[in-house]
1. I'd like to verify a number: residues in region 225-243 that are over 13 Å from the mean Cα position of the chain (by Cα) and crowded, with 21+ Cβ neighbours inside 10 Å, how many?
2. Quickly run through region 113-168 and pick out the residues that are within 25 Å of residue 181 (Cα to Cα) and assigned to a loop (DSSP other than H, G, I, E, B).
3. Of the numbered conditions (1) surrounded by fewer than 19 Cβ atoms within 10 Å (Cβ to Cβ); (2) among the polar types (S, T, N, Q); (3) assigned to a helix (DSSP H, G or I), residue 175 fails exactly one; give the number of that condition.
4. Could you check residue 222 against (1) of a type in the set (D, E, K, R); (2) in a loop (DSSP other than H, G, I, E, B); (3) surrounded by fewer than 19 Cβ atoms within 10 Å (Cβ to Cβ) and say which number it fails?
5. Which of the residues that make up region 36-74 are within 18 Å of the chain's Cα centre (by Cα), closer than 30 Å to residue 249 by Cα and not basic (Lys, Arg)?
6. Considering region 76-126 alone, what residues qualify as being buried (at least 21 other Cβ atoms within 10 Å of the Cβ) and more than 23 Å from residue 244 (Cα to Cα)?
7. Can you tell me which residue in region 26-47 is surrounded by the most Cβ atoms within 10 Å (Cβ to Cβ), limited to those that are hydrophobic (A, V, I, L, M, F, W, C) and without any contact (Cβ under 8 Å) to a residue 40 or more places away in the chain?
8. In region 225-247, how many are at positive phi and in a helix (DSSP H, G or I)?
Amino acid sequence: MAGGARKIVGMALRGTSWSHLLDYASPALFDVIPARALLAQSRELFSNRSDSKRFSQVRERVGAVLQERGIDVQVLHGPRPGGEAPLTEHPEQIRSDIGQRILEIFFTQIFAGQEALLDLRAENFVAAEGGALHWRPGALYIHWQPEFLEGLRELYRGFYLDDDTRFDAGLQQLNMAGSGDALRNLLGRDDPRNTRFDIDSFHENFHELFVSYRDRGVPLHRNFLPLGVSLMCLYSTLDSLGVSLDVRAAVDGAQ
């Protein structure tokens, strides 16, 4: 059934400019989530992408939350206009500011609501005049299941705010107990106030983590699929910016 779920994810991404994500995703991800749960999650993503009215409502709600949190980003509709410089062509200080705001977008969606826009690819962001950031995400989003979101929040708080008790509680909540070292490798061993993002290292550690669960027969929550999509987009974008970022500040400010 995992093959069927992978096919449905492919349908959800078909015709989009990010269908290559399936090729980059760890094959073990499709083995470690129970087949029925994986199929249900895949169908949810496909349904979300197919309902433009519902996507518009989610986009507006997420945009409002980001504005309320003081993040200088406008969540817009429609394709990116032509003639605007890619993020990578801006000076280092601007790229650093952009990267920090994209980090804030990711973590604010985790901590401030129940739903998230997953499309954090660099090509959907534009540094507008006056310093504002414009974001035109594709129609892929998720309404997190409460038990998963609670565990994910504890995990991030524990790791980035140096709270081992919370980190362990997050591991337990997500059925990831016993994998603390592997997960720390995935999240990074750098100073959380001065972190460089490397998509190749992420992909390698991401794959090894899920292989360890697959080999031990440990099932993981269905929401790891959309989380994996969002993280691959995030790491790819921040890697392309080539700057060091303050992840601790992004997590602290998102709560």
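No value in this document is a laboratory result; all are computed from the given coordinates. It should be emphasised that the depicted structure is a prediction, and the values quoted were computed from it without experimental measurement. Here the Cβ is made from the backbone with ideal geometry for all residues, glycine too, and neighbour counts use every protein chain on show.
1. 1
2. 161, 162, 163
3. (3)
4. (3)
5. The answer is 55, 58, 62, 63, 65, 66, 71, 73.
6. Answer for region 76-126, where residues must be buried (at least 21 other Cβ atoms within 10 Å of the Cβ) and more than 23 Å from residue 244 (Cα to Cα): 116, 117.
7. 30
8. 0
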